[in-house]
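Take a look at the structure set out below.
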């Protein structure tokens with residue numbers, strides 16, 4: 001009798017554990033991804049830069065990479081031309097509808113170069129190359145100096161010219177709330 | 001015979017313009033040319049429109065050729081509220097669309113969750129599904145440019161479409177993963193060449209965002225995100241990430257490229273307008289509309305579409321005198337929240353000049369403004385909206401004495 005009680009207690013414990021581990025998971029579909037898979041795919045960079053990988057680069061190094069891998073589309077001096085977009089200006093402090101002058105964080109630039117450039121082979125640049133290319137773009141827009149070293153620690157500290165120039169359409173408005181007449185846009 | 005070959009020729013031209021453009025790469029890889037015989041077989045396997053019908057998308061700003069992947073829905077040629085999938089507007093931010101084998105496709109959900117999970121397409125289709133009719137609208141729609149761009153409703157308003165989407169509510173998937181209480185945003189990513197990325201507040205994700213695998217009853221078209229896309233109802237369509245392959249649950253917006261520099265508008269004081277999410281109440285008369293010509297006086301049904309990011313359209317009013325007076329139009333029932341709403345209004349044209357326009361009111365009692373009102377609210381001159389990316393102003397169409405109809409927004 002004591003034996004069966006302890007078995008029962010054990011069964012209850014096991015059942016409770018199963019219930020706890022399955023809490024919220026109703027359908028038991030999908031599989032747990034490995035750490036490596038998540039790490040390989042987790043390329044989005046937040047404004048605080050916590051996902052940035054090790055590595056570094058300067059505008060000087062970036063100039064060589066730009067000439068080799070970017071100039072074909074962005075123009076030899078980064079001013080674009082034809083159907084392509086230049087890299088200047090990226091950080092114009094007077095945003096009168098200048099494309100890309102509204103980028104709020106330097107991490108945004110790093111992230112996009114890393115995931116989407118060069119267009120012929122996106123994602124092919126090494127971390128060092130992305131730091132260098134980012135540094136070159138920021139240097140060409142007078143945001144950093146040619147010799148400034150960008151790495152995981154310094155990049156998030158770079159302040160883009162329009163960082164403080166963003167306002168919500170109607171201050172205080174939250175999604176789902178009614179807005180005053182005509183306040184869209 | 002003559003009629004037959006004429007229709008075949010039109011058929012071929014129409015199919016040639018679109019198919020060779022859209023599918024050219026694929027066909028040439030297979031070494032095939034779209035012969036008539038091949039097309040007829042296509043017509044049996046998947047029925048095609050009549051060769052007499054020329055309802056097609058058009059490249060923004062081009063009167064005839066379909067040459068670019070900024071394609072507008074021919075609103076003036078459509079009826080009801082559903083946009084045929086092949087006529088859904090397309091704004092291509094990533095230069096082409098990926099060719100994804102659904103057997104290989106995985107959706108990874110991770111970040112601030114208790115259990116990261118990876119789903120196959122088969123697993124997603126086993127989960128409880130919902131079908132909902134939602135519109136999508138590019139935030140640059142209704143950019144009232146002058147000139148050829150602004151002549152027709154297709155060019156001015158053709159970057160909105162409406163489909164029945166089927167899929168799994170994102171909240172179901174997020175609940176399976178167990179969202180941690182510090183989380184407040186998600187970052188959604190596509191598997192296109194650019195790995196297109198968007199940040200979305202978690203509250204919306206847990207509310208009504210759909211992870212859709214079907215559009216109008218069939219698999220989502222490749223240009224629309226096959227095999228999987230987000231559908232974010234009522235919000236700027238740039239948030240409805242196509243080819244969805246990853247969702248990271250986070251605690252802040254990431255301000256990825258396509259949601260920051262590429263999307264914000266500026267106003268004269270130099271400030272940037274950020275994050276407008278919900279689209280405003282909007283409507284437009286699709287018939288009669290710019291570029292059309294009324295053959296003579298007499299009865300015409302005025303019809304058009306209304307939609308709003310605020311939920312359901314509750315009222316559409318039509319004016320035939322440039323806004324001096326309005327009368328309530330009939331709404332096609334049932335009205336779906338976050339869907340195109342068809343309105344109809346009887347009108348007899350007396351042959352004199354008339355300015356036709358419509359005004360939308362939604363369930364939150366938000367009202368569509370005129371151009372002057374929108375400009376006043378934003379503190380800009382009306383011509384600001386030549387280029388601005390967010391505009392929901394009332395669209396006037398002027399019918400002249402000769403029956404011709406033109407865009408009268410800036411007249």
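The values are calculated or read from the model by the stated rules, or taken from the named source; none is laboratory data. Keep in mind it's a predicted model, so treat the numbers as computed, not measured. Glycine gets a Cβ as well: all are built from the backbone with ideal geometry, and neighbour counts include every protein chain shown.
The residues in the stretch B:237-258 that are touching a helix residue (DSSP H, G or I) at 6+ places or on another chain (Cβ under 7 Å), assigned to a loop (DSSP other than H, G, I, E, B) and either at the interface with chain A (Cβ under 7 Å from one of its Cβ atoms) or under 20 Å from residue B:175 (Cβ atoms) (or both) can be counted, and the count is 2.
Within the stretch B:353-363, one or more residues are over 15 Å from residue B:309 (Cβ atoms) and surrounded by fewer than 16 Cβ atoms within 10 Å (Cβ to Cβ). Evaluating residue B:164 against the criteria (1) assigned to a strand (DSSP E or B); (2) in contact with a helix residue (DSSP H, G or I) (Cβ under 9 Å, 6 or more places away or on another chain); (3) at pLDDT 95 or above leaves one unmet condition, (2). Of everything in the stretch B:173-220, what is within 8 Å of another protein chain (Cβ to nearest Cβ), at pLDDT 95 or above and surrounded by fewer than 18 Cβ atoms within 10 Å (Cβ to Cβ)? Give them in sequence order. Once the filter is applied, which keeps residues that are within 8 Å of another protein chain (Cβ to nearest Cβ), at pLDDT 95 or above and surrounded by fewer than 18 Cβ atoms within 10 Å (Cβ to Cβ), the stretch B:173-220 yields B:175, B:178. For the structure I just gave you, tell me whether residue B:263 is more than 30 Å from residue B:404 (Cα to Cα) and surrounded by fewer than 21 Cβ atoms within 10 Å (Cβ to Cβ). No, not satisfied.
For the stretch A:103-110, indicate whether the set of residues that are under 24 Å from residue A:151 (Cα atoms), at pLDDT below 85 and within 11 Å of another protein chain (Cβ to nearest Cβ) is non-empty. Looking for residues that are under 24 Å from residue A:151 (Cα atoms), at pLDDT below 85 and within 11 Å of another protein chain (Cβ to nearest Cβ), one finds at least one in the stretch A:103-110, hence yes.
For every residue, the table says whether it meets (1) surrounded by 19 or more Cβ atoms within 10 Å (Cβ to Cβ); (2) within 7 Å of chain B (Cβ to nearest Cβ); (3) touching a residue at least 12 places away in the same chain (Cβ under 8 Å).
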| site | (1), (2), (3) |
| --- | --- |
| A:25 | no, yes, no |
| A:29 | no, yes, no |
| A:32 | no, yes, no |
| A:35 | no, no, no |
| A:38 | no, yes, no |
| A:49 | yes, no, yes |
| A:62 | yes, no, yes |
| A:66 | yes, no, yes |
| A:70 | yes, no, yes |
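Of all residues assigned to the stretch B:291-298, none qualifies as being out of contact with any helix residue (DSSP H, G or I) (no Cβ under 9 Å at 6 or more places or on another chain) and surrounded by 24 or more Cβ atoms within 10 Å (Cβ to Cβ). Every test in (1) at pLDDT 95 or above; (2) part of a loop (DSSP other than H, G, I, E, B); (3) within 11 Å of chain B (Cβ to nearest Cβ) is passed by residue A:114 save one, and that test is (2).
Taking the stretch A:73-88 as the range and being touching a residue at least 24 places away in the same chain (Cβ under 8 Å) and either in a helix (DSSP H, G or I) or under 30 Å from residue B:111 (Cα atoms) (or both) as the test, only A:73 passes.
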